[in-house]
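Below is one structure, written out as structure tokens; comments come after it.
Computed from the coordinates by the stated procedures, all read-outs in this text should not be read as laboratory data. If you're wondering where the values come from, they're calculated on a predicted model, not measured in any experiment. Heads up, the Cβs are rebuilt from the backbone with ideal geometry, glycines too, and the neighbour counts pull from every protein chain shown.
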Amino acid sequence: MSATRAAHRVLVLNSGSSSVKYQLLDMRDASRLAAGLVERIGEQTSRLKHSCLATGETREHTGPIADHDAALKAVAEELTRDGLGLDSPELAAIGHRVVHGGMFFTEPTVVDDEVLAEIERLIPVAPLHNPANLTGIRTAQALRPDLPQVAVFDTAFHTTMPESAARYAIDPKTADRHRIRRYGFHGTSHAYVSRETARLLGKDPSEVNVIVLHLGNGASASAVEKGRCVDTSMGMTPLEGLVMGTRSGDLDPAVIFHLARVGGMSMDEIDTLLNKRSGLFGLCGDNDMREIRRRIDEGDEEAALAFDIYIHRLKKYIGAYYAVLGQVDAVAFTAGVGENAAPVREAAISGLAGLGLAVDPELNAVRADRARIVSPKGARVAVAVVPTDEELEIATQTYALVGKNN
Ligand code: ADP
């Protein structure tokens with residue numbers, strides 16, 4: 001890979017079922033040229049919000065955008081208006097976020113028919129995400145058939161997990177027949193943040209063990225040993241693990257039988273309950289940590305209990321991954337809550353001095369966009385805040401792969 005390659009831009013696409021998020025990056029200096037979002041695709045009130053970072057200009061349109069094809073064409077038009085059109089010879093590739101890569105995709109992969117077919121075969125284990133990701137890839141292919149399209153999988157970083165962590169304790173034949181195992185998600189973020197944490201400590205990723213806590217609306221923890229993931233809290237689907245914005249996380253599976261048999265709920269109703277109406281939202285009616293903290297400050301007991309349940313689960317995972325790793329160099333907080341909510345970091349780490357873990361209240365209270373250490377000077381284990389950047393990671397992996405193939 002060389003900085004003088006003629007084609008040095010990468011477009012990153014994150015296609016959801018009714019939205020497309022995008023960023024155009026210049027890989028010579030990893031700078032953002034443009035970024036935006038199309039939401040409510042298929043509705044009358046679709047919205048495109050586009051920012052050109054070079055000029056500082058932001059444009060917004062509201063009105064019907066029928067499908068992903070129309071959405072991507074609208075994005076292409078906006079980029080062309082900024083002189084950054086998708087027909088530019090400077091565009092090297094399009095990198096796509098793909099949520100589920102199963103066991104098969106351990107690395108970013110240039111898309112061909114076989115790759116598309118495999119992503120499609122994984123739809124039963126990722127019914128909400130993979131169809132939208134596929135649509136995004138196919139639409140981009142139609143727009144620029146000559147350009148490499150690269151799939152970067154949320155699950156890839158976790159494929160290094162040993163079988164002892166990846167398997168559920170159920171009959172392996174049944175598990176294999178239905179592809180039931182722990183895949184983990186948010187892998188692009190865990191990969192990026194664990195590497196950036198090593199950099200913050202002045203070490204190579206192969207020299208450090210890191211517990212990464214990705215706390216956004218979805219949330220997951222991972223144990224990263226010398227740069228390789230050895231355990232993560234999400235499982236076959238993103239429902240397992242930590243308490244999240246609207247997902248319950250870990251739950252006795254018998255609760256589901258009970259809700260069906262005794263509660264008379266259908267499987268779809270239980271699915272919606274656990275994925276969309278549980279977690280912080282289910283506990284107190286709010287899933288935004290800012291709002292929950294505001295309510296706690298006003299003495300709201302429901303919000304306080306929701307916060308305590310969230311922290312208790314988080315603490316259990318820190319302890320569990322400490323034991324999995326045996327020796328820990330850093331605990332890194334990332335994503336919307338992890339990066340911004342000082343009280344969450346303080347509460348999750350409090351009482352763990354015996355494990356060499358503490359936060360310095362003053363350092364922890366500082367608000368900043370950069371990666372930083374918030375544990376006291378000389379602490380045995382660093383506690384770090386490391387902003388995640390999944391788009392940059394997707395672009396970096398895409399550009400490296402395309403460079404290798406050229
Ligand atoms: P997503 O999982 O949707 O990508 P993000 O990583 O953007 O989520 O995180 C979104 C969440 O971050 C919000 O729901 C909110 O709870 C939390 N958050 C964002 N900013 C703050 C803040 N300043 N203080 C506390 N929490 C915040």
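What is the distance, in nm, between label points placed 7 Å from the Cα along the Cα-to-Cβ direction at residue 58 and at residue 113?
About 4.5 nm separates the two model spin labels.
Based on DSSP H assignment, which helices of the chain show an axial Cα extent of at least 24 Å together with a mean Kyte-Doolittle hydropathy greater than or equal to -1.0?
Length and hydropathy pass: 301-325.
Among the listed pairs 203/226; 226/315; 276/315; 203/377, which have their C-alpha atoms separated by more than 20 angstrom in this model?
226/315; 276/315
Mind putting a number on the dipole of the stretch 18-68 about its Cα centre? Charges go on the C-beta only, +1 for Lys and Arg and -1 for Asp and Glu, and I need it in Debye to the nearest 20. Don't jump to the answer; show the numbers that get you there.
Numbers: 7 positive and 7 negative charges, 14 e Å.
Magnitude of the dipole: close to 60 debye.
Starting from the 7 Å offset along Cα-to-Cβ, what nm value, one decimal, do you get for the label separation of residue 104 and residue 138?
1.6
Tell me what the chain gives for mean residue ellipticity at 222 nm when only DSSP H runs of n ≥ 4 count, each as -39,500 (n - 2.57), the sum divided by the residue total, rounded to 500 deg cm²/dmol.
-11000 deg cm²/dmol
Would you mind calculating the relative contact order of the chain from Cα pairs under 8 angstrom and at least 6 residues apart, reporting the percent as a whole number?
RCO, the chain: 14 percent.
Sorted from fewest to most neighbouring beta carbons within 10 Å, what does the list 240, 60, 291 look like? Before the final figure, lay out each step's value.
Working: 240 20, 60 11, 291 14.
Ordered by Cβ neighbours within 10 Å, fewest first: 60, 291, 240.
Order these by the 10 Å Cβ neighbour count, fewest first: 257, 105, 307, 157.
Result, fewest neighbours first: 257, 105, 307, 157.
Distance from the Cα centre of the stretch 222-249 to that of the stretch 72-125, in angstrom?
25
I want to verify the translational diffusion coefficient of the chain in µm²/s; compute it with Stokes-Einstein, Rh as the Kirkwood radius over Cα pairs, at 20 °C and 1.002 mPa s.
Diffusion coefficient, whole number: 96 µm²/s.
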